[in-house]
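The values are calculated or read from the model by the stated rules, or taken from the named source; none is laboratory data. Because the structure is predicted, anything quoted here is derived from the model rather than measured. When we count neighbours, we look across all protein chains shown, and the Cβ atoms used for this are built from the backbone with ideal geometry, even at glycine. Please note that ligands, DNA and RNA were not included when accessible areas were found on the heavy atoms of the full protein model with its side chains. Shrake-Rupley method; radii C 1.70, N 1.55, O 1.52, S 1.80 Å.
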Amino acid sequence: MKPRIAFPFLFAVILVSCQPKTNTDTTTGTVPIIKVSFSDSVSSESLDGRLLLMFASDETKEPRFQISAGLNAQPIYGMDVEGMQPNQRKTFDNSIFGFPYANLAELPEGEYYVQALLHVYETFELSTGHTVKLPMDNGEGQQWNRSPGNLYSKPIKVEIKKGEIQHIELVMNEVIPPIEEPEDTEWIKHIKIKSEKLSEFWGRDMYLGAHILLPKGFEEHPEAKYPLMIFHGHFPSDFGGFRTTPPDPNMEPDYSARFDVEGYNIIQQQEAYDFYKRWNEPDFPRFLIIEIQHPTPYYDDSYAVNSASQGPYGDAITHELIPYIEKEFRGMGEGWSRFLYGGSTGGWEALAVQVKYPDEYNGCFAACPDPIDFRAYCLTDIYKDKNAYYYPSEHKLTEVPGHRDYLGHVQNSTREYNHLELVLGTKSRSGQQWDIWEATYSPQGEDGYPVRLWDKMTGEINHEVAEYWKENYDLRYILERDWDKLGDKLKGKIHIYCGDMDNYYLNNAVYLMEDFLESTTDPYYAGEVDYGDRAEHCWNGDHENPNHISRLRYNSMYVPKIMKRIMESAPQGADLTSWRYQ
């Protein structure tokens, strides 16, 4: 628990220091004036969206692919535009907020590669009566820097000099092309259905998709019906981690900086091929495995629950998509035969869906889940803390960390994550992590957008919003509040795994969840919570292999536990044989 900030003067300094500054010192010259337009060759219509201006210190990649909140952050500035006309110039000057430099006056002298991009918004007439403007997913999983239809300019090299008036013009005359959808194979099928529930909410046709991995012998055993394994996670472009041939012998090995491993691309292909071989072993159970596509106009997936600003994704997935898949691919179609698993976002989804639809699923395996107790919303207690960006102190300003490595070295702060998001999009429209939590957990505001949990600029927490989060999405609180109704339905179904040095401090919420689960009686939860020693994000319960290997084995590592659960809990008369062929 963090005590209240004692001195109003200190908080006033924080507020002032976070505001964009205007350079009024005429003795030192002015900041660059950068005008951006788009050519009528790429669009003859007026456009709405988020206009981004990016700088990069090197040309190894386009600036749009170098934007991050970490130690390798590159400068970016953003503004909302509505009805921007072809060839109309929009001006970036010192009034435009940026990251990591709050304004152009702070941009250091030097040579840069500069680029502009328009993240295009569409208009939605919601069933709630609100009109909102948001970026529609176009098959890329809500990635602003590669979303088809977005406009951008080719990078140009500029030199920024202090004390000189500089005028730079950028013309966006490129369009990100469409993405080809994956083709069906013998093993992997792809489906997409119109969701009536989501279409009604969004005021237009909305779709859900999935990639389905078929079991060995699917065509040869038409009598068989199969249990269903649902792998939750970020937007999948195709079914991952499954490969019918050995690694490409001509592939050049690459280096994974995240894991400090040479040739990680080859390792990934080998693991995918090894899974294919395990999938075909005589004693491997025959399941259907699916990866779901449920991007929203706010993020690369919906978090698989109903929410005020995103609509009834939980109901749409559980009551529309899952039954459709089971009907088309001979799933059993009963709650005892469905299992949920995933890591990070997928870990939270697996647990949340199990909690919110307790009879529809028979077990969840939640690895490194996003915060499952909002008293540990990463490093913030949203109910008691006053500010999410700064620790309280009478005389010292210390930022709340946002990311660490397994030795505790901090790369960036919570404020930095959020300020980058504020540059990428206002009104929770950045398509990034903290904004999707708001889009999922917050009530809908009068303007139709999610209500902020905290002031995005200052970090001051809105505790009324925090209470809404608590009642609707704080999974530990919901379990504790409703255990008398949920306990019997969830007994033996909850399995949670997390590294004790998770990069995003997600283990702190797992500790609090474990405290509650271990306190349960009548019934005792009879599940599992486990930790990886010095393990980073996203440890998933494997004590034998390093993280860079175990993260590639989600689709097989929980199978023994799922089989044990099936044998213990299948109702009398359940089909336990048709899918157990060799």
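Of note:
- LYS561-SER393 FRET efficiency (beta carbon distance; Förster radius 45 Å; 0.05 resolution): 0.45
- Antiparallel %, DSSP beta bridges [both residues in the chain], to 5: 65
- For peptides 82-88, 386-392, 434-440, sequence by mean Cβ density within 10 Å, most packed first: 434-440, 386-392, 82-88
- Here the spin labels are modelled as points 7 Å beyond Cα on the Cα-Cβ line, and at HIS409 and GLU111 they lie 2.9 nm apart.
- Semi-axes of the equivalent ellipsoid for the stretch 197-347, Cα gyration tensor, largest first, Å: 30, 24, 12
- Under 5 Å between amide hydrogens, built in the peptide plane, is the criterion, and for GLY492 it picks out ALA526, GLY527 among residues at least 5 positions away or on other chains.
- The loop-placed trypsin sites (Lys or Arg not before Pro) in the stretch 546-582, going by DSSP, that have at most 14 neighbouring Cβ atoms within 10 Å of their Cβ come out as ARG580.
- Each residue, ASP248 and HIS319, gets one label point 7 Å from its Cα in the Cβ direction; the gap between the two is 4.5 nm.
- Residue-span extension gain [ASP260 to LYS489] - 0.36 nm each, minus C-alpha spacing: 78.2 nm
- Taking amide H as placed 1.01 Å from N in the peptide plane, the amide H of GLY98 sits under 5 Å from that of ASN103, each at least 5 places away or on another chain.
- Backbone phi angles across the stretch 31-41, fed through the Karplus curve with coefficients 6.51, -1.76 and 1.60 (θ = phi - 60°), yield HN-Hα couplings of 7, x, 10, 10, 9, 10, 9, 10, 6, 5, 6 Hz in residue order; Gly and Pro are listed as x.
- Relative contact order for the stretch 289-411, counting Cα pairs under 8 Å that sit 6 or more residues apart, in percent: 14
- Ligands, DNA and RNA left out, the accessible area of the stretch 401-511 computed with a 1.4 Å probe is 46% carbon and sulfur.
- Förster radius 22 Å - calculated FRET efficiency between LYS386 and PHE516, Cβ distance, rounded to 0.05: 0.30
- Length added when fully stretched, ASP455-GLU544, from 0.36 nm per residue minus Cα-Cα: 27.7 nm
- Label zone of GLN270 (point 7 Å out along Cα→Cβ, amide N under 17 Å): in the stretch 221-251 this covers 241-251.
- Applied to the stretch 484-490, the Karplus parametrisation 6.51 cos²θ - 1.76 cosθ + 1.60 on θ = phi - 60° returns per-residue 3J(HN,Hα) values of 5, 9, 9, x, 5, 6, 10 Hz, with x for Gly and Pro.
- Normalised contact order of the chain, rounded percent, pairs of Cα under 8 Å and 6 or more residues apart: 14
- Rounded to 10°, Cα long-axis angle of helix 345-356 versus longest principal axis of the chain: 60
- Only helical runs count toward this figure. For the chain, summing -39,500 (n - 2.57) over DSSP H runs of n ≥ 4 and dividing by all residues gives -6500 deg cm²/dmol at 222 nm.
- Farthest toward the positive end of the dipole of the chain, out of THR577, GLN411, PRO135, is the Cα of GLN411, where the dipole comes from beta carbon charges about the Cα centre.
- Accessible surface, the chain, averaged per residue in Å² (probe 1.4 Å): 42
- Between GLN582 and GLU196, full extension at 0.36 nm per residue minus the direct alpha carbon distance yields a gain of 135.0 nm.
- Pairwise centroid distance, computed over Cα atoms, of the stretch 166-241 with the stretch 244-264, Å: 26
- For the chain, a Kirkwood hydrodynamic radius built from all Cα pairs, placed in the Stokes-Einstein relation at 10 °C and 1.306 mPa s, yields a translational diffusion coefficient of 62 µm²/s.
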